[in-house]
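Single-structure report; data block below.
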Amino acid sequence: MLEQLRENLDGVLKKLRGQGTITESNIQDAMREVRRTLLEADVNFTVARDFIRTVTEKALGVRVLKSITPGQQIIKIIHEELTRILGEEHIPLNLGGLPPAVLMLVGLQGSGKTTLAAKLGLHLKSLGKRPLLVAADVYRPAAIDQLVKLGIETGIPVHAEKGVDPLTICRNAMDIARQDNTNVVIVDTAGRLHIDEKMMGELQSLQNFLHPREILFVADGMIGQDAVNSAHEFNQQLSVTGLVLTKMDGDTRGGAALSIKSVTGKPVKFISSGEKPGDLEPFYPDRFADRILG
Ligand code: GDP
């Protein structure tokens with residue numbers, strides 16, 4: 001994950017690290033290279049520009065500390081800024097209020113929603129919760145079978161019905177959840193290859209019925225800025241509360257991770273790095289910045 005970005009940044013920072021004195025011109029040179037590296041990693045242009053501007057301003061204002069070299073101080077500033085654009089701190093799932101808490105998963109087809117439903121279910125089960133998975137992706141019949149299979153694999157109950165509309169499925173699922181003392185309901189919804197009005201209309205009616213505690217936009221981390229653009233559109237039409245980045249095990253260039261919070265204003269809550277139900281981790285901006293800086 002992120003190898004290319006880390007290697008490229010490392011190359012630039014190595015030069016800085018060794019510098020005994022830092023001049024305005026070598027900061028500008030280094031920042032030009034960092035900017036190029038970010039754009040190559042498919043980071044949103046505005047996000048990269050603002051990042052460079054802030055780091056440059058702070059680096060120029062640095063008062064040299066005796067204990068560390070100026071180069072190291074600039075690297076520290078870069079780390080702080082990376083953490084800031086990644087969202088500053090970990091924001092946990094909101095499961096408060098009267099149970100059951102509903103988590104609705106939305107996103108384009110193939111982004112990893114169905115597998116995420118099982119991953120979140122397993123994560124919550126390990127925290128002592130009683131989750132129910134709901135198969136409301138009725139346009140891809142294989143998604144229903146896939147969720148049922150994942151439910152068996154993880155030992156988590158699944159509510160699935162074929163030949164019924166998503167709203168009815170959700171209504172029935174909520175009745176079952178209340179009867180069974182389920183405290184978290186995770187709803188897998190339909191995605192398409194492209195955003196369209198019908199899909200959004202359907203998601204909006206599910207949102208109005210379910211009043212989800214969380215609407216999580218599931219973003220395929222491999223598709224970089226396209227994922228960020230979709231997140232932006234979903235966020236405008238639904239009350240998205242958080243983001244999940246999937247496929248972070250692939251050869252992602254990292255751009256989505258670095259841009260998505262700044263563009264949408266919504267926190268990344270989890271990242272997923274594999275297809276298995278256990279491949280999910282809560283997202284911590286500072287630890288992610290550590291990984292990028294190696
Ligand atoms: P959906 O259409 O949004 O429900 O997407 P799926 O959950 O069916 O996932 C699409 C494909 O991506 C499946 O083959 C999943 O196994 C795979 N997938 C999902 N998440 C990850 C991940 O984090 N890493 C990898 N490598 N594959 C994933």
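The values are calculated or read from the model by the stated rules, or taken from the named source; none is laboratory data. As the structure is a computational prediction, the values presented were derived from the model and not from experiment. Virtual Cβ from ideal backbone geometry, glycine too; neighbours counted across all protein chains shown.
Somewhere in region 101-109, is a residue outside any loop (DSSP other than H, G, I, E, B), more than 19 Å from the chain's Cα centre (by Cα) and not β-branched (Val, Ile, Thr)? Within region 101-109 (the criterion being outside any loop (DSSP other than H, G, I, E, B), more than 19 Å from the chain's Cα centre (by Cα) and not β-branched (Val, Ile, Thr)), the answer is yes, since at least one residue qualifies. Considering only residues in region 44-58 that are over 22 Å from residue 253 (Cα atoms) and hydroxyl-bearing (Ser, Thr, Tyr), the one that is nearest to the chain's Cα centre (by Cα) turns out to be 54.
Report whether or not residue 169 is in a loop (DSSP other than H, G, I, E, B) and either of a type in the set (S, T, N, Q) or under 30 Å from residue 236 (Cα atoms) (or both). The answer is no for residue 169.
When we screen 153, 89 for residues that are among the acidic types (Asp, Glu), surrounded by fewer than 23 Cβ atoms within 10 Å (Cβ to Cβ) and outside any helix (DSSP H, G or I), the only hit is 89. Residue selection: residue 267 fails the criterion of being modelled with pLDDT of 95 or more, within 16 Å of the ligand (Cβ to nearest atom) and under 12 Å from the mean Cα position of the chain (by Cα).
Condition check for residue 109 on (1) within 7 Å of the ligand (Cβ to nearest atom); (2) in contact with a strand residue (DSSP E or B) (Cβ under 7 Å, 6 or more places away or on another chain): one failure, at (2). Take the residues in region 121-150 that are part of a helix (DSSP H, G or I) and under 17 Å from residue 206 (Cβ atoms); name whichever of them is farthest from the ligand (Cβ to nearest atom). Result: 144.
Only one entry of 210, 293 meets the criterion of being surrounded by fewer than 18 Cβ atoms within 10 Å (Cβ to Cβ) and hydrophobic (A, V, I, L, M, F, W, C), and that entry is 293.
For region 233-258, a tally of residues being within 12 Å of the ligand (Cβ to nearest atom) and either of a type in the set (Ser, Thr, Tyr) or surrounded by fewer than 21 Cβ atoms within 10 Å (Cβ to Cβ) (or both) returns 5. Looking for something touching a residue at least 12 places away in the same chain (Cβ under 8 Å), in a helix (DSSP H, G or I) and of a type in the set (A, V, I, L, M, F, W, C) - is there at least one such residue anywhere in region 33-41? Yes; the residues of region 33-41 include at least one that is touching a residue at least 12 places away in the same chain (Cβ under 8 Å), in a helix (DSSP H, G or I) and of a type in the set (A, V, I, L, M, F, W, C).
Scanning region 175-191 for residues that are more than 13 Å from the ligand (Cβ to nearest atom) and assigned to a strand (DSSP E or B) turns up 184, 185.
Residue by residue, here is whether (1) within 13 Å of the ligand (Cβ to nearest atom); (2) touching a residue at least 60 places away in the same chain (Cβ under 8 Å); (3) surrounded by fewer than 21 Cβ atoms within 10 Å (Cβ to Cβ); (4) part of a helix (DSSP H, G or I) holds:
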site	(1), (2), (3), (4)
173	no, no, no, yes
193	yes, yes, yes, no
199	yes, no, yes, yes
222	yes, no, yes, yes
231	no, no, no, yes
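Residue pairs whose Cβ atoms lie under 7 Å apart, sitting 6 or more positions apart in sequence or on different chains, and linking a residue in region 255-273 that is closer than 12 Å to residue 216 by Cα and among the basic types (Lys, Arg) to a partner that is within 16 Å of the ligand (Cβ to nearest atom) and outside any strand (DSSP E or B), are 266/240; 269/283.
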